[in-house]
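Heads up: the structure comes next, in structure tokens.
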Amino acid sequence: MALAADDIQKAKSVWEKFYVNAEDNGAIVLSRMFKEHPHTVSYFTNFKELQSIAGTASAAKLEGLSEVRAHGKKVLSALNDMVSQVDNMDALKAIIEPLGKKHAVELKVDVKEFEILCGILLDLMAEKCGEDTKTDFKKVTDVVCEQIKSTY
């Protein structure tokens, strides 16, 4: 599904504002995912501190964990690479394919978790940048999730 030039421009503009705080925003997205969907913690067995406090800690406490902050930034950095190529489907697929395959085969992440993550991301974007940004960026997350699903 290719996006219209206007959709791409709006999405890139919104993303640029949101990505400025990649580490903070990435940590918020992951911590909310862990609290709202506790089963997702099980994918992060190598995050020892997260494993030890996930069940009892607040989202704010999880957000402050160095391993959550680092991975949140990594997630948003990968998405940044995707956003930069959203107008070039071949380049976008080249970015997504290895990521999708790693999560499917090596990490055994259920593909539905990407939709959960994107929903939380969109909600945070709306909080930080205004409700319109959610609509503007949803088309991008739809394309990304569609491409990830195709790697499974």
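Within segment 20-28, the presence of at least one residue that is aliphatic (A, V, I, L, M), under 14 Å from SER84 (Cβ atoms), at pLDDT 95 or above and part of a helix (DSSP H, G or I) is confirmed.
Taking the listed residues LYS10, LYS61, the one that is basic (Lys, Arg) and in contact (Cβ under 8 Å) with a residue 40 or more places away in the chain is LYS10, with no other qualifying. Going by the structure shown, is ILE8 surrounded by 15 or more Cβ atoms within 10 Å (Cβ to Cβ), modelled with pLDDT under 95 and part of a helix (DSSP H, G or I)? Criteria met by ILE8. Give the residues of segment 54-91 that are among the acidic types (Asp, Glu), in contact with a helix residue (DSSP H, G or I) (Cβ under 6 Å, 6 or more places away or on another chain) and more than 18 Å from ARG32 (Cα to Cα), sorted by residue number. The answer is ASP81, ASP87.
Yes/no matrix, rows are residues, columns are (1) within 17 Å of PHE18 (Cα to Cα); (2) among the acidic types (Asp, Glu):
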| site | (1), (2) |
| --- | --- |
| LEU50 | no, no |
| HIS71 | yes, no |
| LEU79 | yes, no |
| MET82 | yes, no |
| LEU99 | no, no |
| GLU106 | no, yes |
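Residues of segment 13-24 that are touching a helix residue (DSSP H, G or I) at 6+ places or on another chain (Cβ under 6 Å), of a type outside the set (Lys, Arg) and under 16 Å from GLU127 (Cα atoms): VAL14, TRP15, PHE18, TYR19, ALA22. The set of residues in segment 29-50 that are assigned to a helix (DSSP H, G or I) and among the hydrophobic types (A, V, I, L, M, F, W, C) comprises VAL29, LEU30, MET33, PHE34, VAL41, LEU50. Selection of helices (runs of 4 or more DSSP H) fully inside segment 51-106 by the criterion of at least 1 residues being surrounded by 14 or more Cβ atoms within 10 Å (Cβ to Cβ) and among the hydroxyl-bearing types (Ser, Thr, Tyr) returns 66-84.
Name the single residue, out of those in segment 28-50 being free of Cβ contacts under 8 Å to residues at least 24 places away in the same chain and open to solvent by 50 Å² or more (accessible area, probe 1.4 Å), that is nearest to LEU124 (Cα to Cα). So the residue we want is PRO38.
The values are calculated or read from the model by the stated rules, or taken from the named source; none is laboratory data. The shown structure was predicted, so the numbers you read here are calculated from the model rather than taken from an experiment. Note that we place each Cβ from the backbone using ideal geometry, even for glycine, and neighbour counts take in every protein chain shown. Quick note on the areas: whole protein, heavy atoms, side chains included, nothing else; ligands and nucleic acids left out. Shrake-Rupley method; radii C 1.70, N 1.55, O 1.52, S 1.80 Å.
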